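The values are calculated or read from the model by the stated rules, or taken from the named source; none is laboratory data. Computed from a prediction, not measured in an experiment: that's the story for all the values here. Cβ placement follows ideal geometry from the backbone for every residue including glycine, while neighbour counts extend to all protein chains displayed.
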Amino acid sequence: MEKILEIDDLHVHFSTYGGTVQAVRGVNLYLNKGETLAIVGESGSGKSVTSNSIMQLIPSPSGKIVRGSIRFKGKDLVQTSKKEMRAIRGVDISMIFQDPMTALNPTLTVGDQLTEGLKQHSSVSIGKAKKKAIEMLRLVGITNPESRLKQYPHQFSGGMRQRIVIAMALICEPDLLIADEPTTALDVTIQAQIMELFKEIQDKTGVSIILVTHDLGVVARVADRVAVMYGGKIIETGDKDDIFYRPQHPYTIGLLQSVPRLDMKEDILQPIDGTPPDLFAPPQGCPFTARCAHAMQVCANVHPATSYLSDSHQVECWLQDARAKRQPV
Amino acid sequence: MAIYLIRRFVIMIATIFVIATLTFILMHSIPGNPFTTQDRSTSEAVQENLNAHYHLDEPMIVQYGIWLKSLATFDFGPSIKQPTETVNDLLVRGFPISAELGMWTITIALISGITLGVLAALKHNGIIDYIAMTLAVLGISIPNFILATLLIQQLAVNLQLLPAATWSSPMHMIMPIIALATGPTAIIARLTRSSMLEVLTQDYIKTARAKGLSPAKIVIKHALRNALMPVVTILGTLVAAILTGTFVIERIFAIPGMGKYFVESINNRDYPVIMGTTVFYSAFLIFMLFLVDIVYSILDPRIKLHKKGGS
């Protein structure tokens, strides 16, 4: 399969008054054409920073990509000039943000916001742009798109607005769509609808999707592959089935166990004890050591190398190291 | 919309009526009358004749009635101090000059204030930001009459670049406008900067960047319009401040605008002129506030002028 995106050894740091935050510490990722990759992890694990890095939308000058490369269709986006990057944004790579209530400018009409990207990047006529906007609104399931174009964001509900945001992201027919927690701010029934919409759009347009989320339900529904992030690193990646049925990293296991299930016997949740590592001074070894029930001495001192469990399934954990003692489960 | 305008108009009239009444009460509660301040002593008979001529010997309530009638007919009668001129003459002569000064001031304050504020916000914590904000603090803290006298001393007296007073050519206009516009410019700059900084962190700015729009387009189309809301909000107050500022500035620069008549009329107890200018000023200010509301609703579609009637 053709790889549309390859992230190699990405390091992103933020300078703050309190010191330097090492938000992303050596992320390796790839995305195949037409697939959906979910990046999961808790708040502060670096998943949003990773996705913003792809768009080169890290807030500067505080944030900086200090090392690594992001190859999109063979081109390293880290080295790309600002001007070239502007031509890529919205055209080749689009992004959807978390909160549809704030992602739209309250003072401009929906039609204006939908078409402005198109007008910026191609010399379409106003009539054609409008036509395209109507077509996009129809694609995302907004009824009566002709009259809706003249309306302002506050005249739409949250779910509708997210649909508009999605339409906006897709209007230039990008190859890659990055959705940063697209359903977090929506209520559950709308979440399901939006996720269905993502699938539908992917079927129709063949767009590759990176879905950043902390909602494993969302992941199970739409993702082909999953990358689990913790403490600025990707600690486990694999096909959806690998992650959900054969999780190997204690953190992934803990994450899956902390999701409430209808068939759960106990009436209490199983949270992962402890707090995420301090990324001002990230631990030398595996970032999960402090919270890990299986931690060994080596875990605290040296970060484990990647273990390849199958073609698709990789994990960074000492338990999977060839030298670790096997115990029959 | 029409209903809104009508309702708004009725409220304006009511406000002016209240102001007119309060002015009447205040004016007559100041001891003395137009003739007590005169140097030359007048005989009692003359005094009585004068009082009768200006209805000053009538009961208050009758005078109030006369005043309301003159207000309703827009005819404030002749000035007591300068009987050859009517109050309307003074207004017609003075207002265009004051309006010219005021409009230039507000235009320049808006343009330079917004520009400074935007630049400061874009170069947040940079050198431009520090310079702009230092200037803004200075601008806010120096009263316009101090600035006016300083300007006159430096530019007119020492350097002899500009004429020191009066209002006859563009050169004459420079100093009064600078003196009057500095304060508002500083206020607008600070306000624009802070609201711009806030707007620039909004998600829709991120969305706009993610669309690949040019920085200029992001700032002008997406950020500025939202950032200007607070500026428009204080515009009403600012117009009032500039208006009162014109009294002082017109006096310092000997500009024959309305402010001059306004201040003189109070000193002279020139009742018709006080009444005329006060009501005129209030009507003007009320109208400006109304305009601000209209502009507000144009800038922000979420604000509707008419309460009823949905989206």
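Observations on the model:
- All conditions in (1) in contact with a helix residue (DSSP H, G or I) (Cβ under 9 Å, 6 or more places away or on another chain); (2) more than 10 Å from chain A (Cβ to nearest Cβ) hold for B:Asn267, with the sole exception of (1).
- Members of region B:203-223 found to be surrounded by fewer than 18 Cβ atoms within 10 Å (Cβ to Cβ), within 10 Å of another protein chain (Cβ to nearest Cβ) and under 36 Å from the mean Cα position of the chain (by Cα), listed by number: B:Pro215, B:Lys217
- Residue check, B:Val232 touching a residue at least 40 places away in the same chain (Cβ under 8 Å), hydrophobic (A, V, I, L, M, F, W, C) and either within 14 Å of chain A (Cβ to nearest Cβ) or surrounded by fewer than 17 Cβ atoms within 10 Å (Cβ to Cβ) (or both): yes
- A:Gln193 surrounded by fewer than 19 Cβ atoms within 10 Å (Cβ to Cβ), assigned to a helix (DSSP H, G or I), modelled with pLDDT under 90 and not aromatic (Phe, Trp, Tyr): yes
- Cβ pairs under 9 Å, 6+ apart, first in region B:4-16 and touching a residue at least 60 places away in the same chain (Cβ under 8 Å), second of a type in the set (Val, Ile, Thr) and surrounded by 15 or more Cβ atoms within 10 Å (Cβ to Cβ): B:Met12/B:Ile286; B:Thr15/B:Ile286; B:Ile16/B:Val279; B:Ile16/B:Ile286
- Qualifying residue in region B:291-299 (condition: away from chain A (no Cβ under 13 Å) and under 14 Å from the mean Cα position of the chain (by Cα)): yes
- If the condition is being surrounded by 17 or more Cβ atoms within 10 Å (Cβ to Cβ), assigned to a helix (DSSP H, G or I) and free of Cβ contacts under 8 Å to residues at least 24 places away in the same chain, then region B:127-167 contributes only B:Leu155.
- Per the listing A:Ala133, A:Ala129, the residue uniquely within 14 Å of another protein chain (Cβ to nearest Cβ), in contact (Cβ under 8 Å) with a residue 12 or more places away in the chain, crowded, with 21+ Cβ neighbours inside 10 Å and not in a loop (DSSP other than H, G, I, E, B) is A:Ala133.
- Among residues of region A:182-207 being in contact with a Leu (Cβ under 8 Å, 6 or more places away or on another chain) and not hydroxyl-bearing (Ser, Thr, Tyr), the one that is nearest to A:Lys47 (Cα to Cα) is A:Pro182.
- In region A:58-77, residue nearest to B:Leu200 (Cα to Cα) [restricted to those that are among the aliphatic types (A, V, I, L, M) and surrounded by 18 or more Cβ atoms within 10 Å (Cβ to Cβ)]: A:Ile58
- Qualifying residue in region A:263-280 (condition: in contact with a strand residue (DSSP E or B) (Cβ under 7 Å, 6 or more places away or on another chain), closer than 23 Å to A:Ala220 by Cβ, aromatic (Phe, Trp, Tyr) and touching a residue at least 24 places away in the same chain (Cβ under 8 Å)): no
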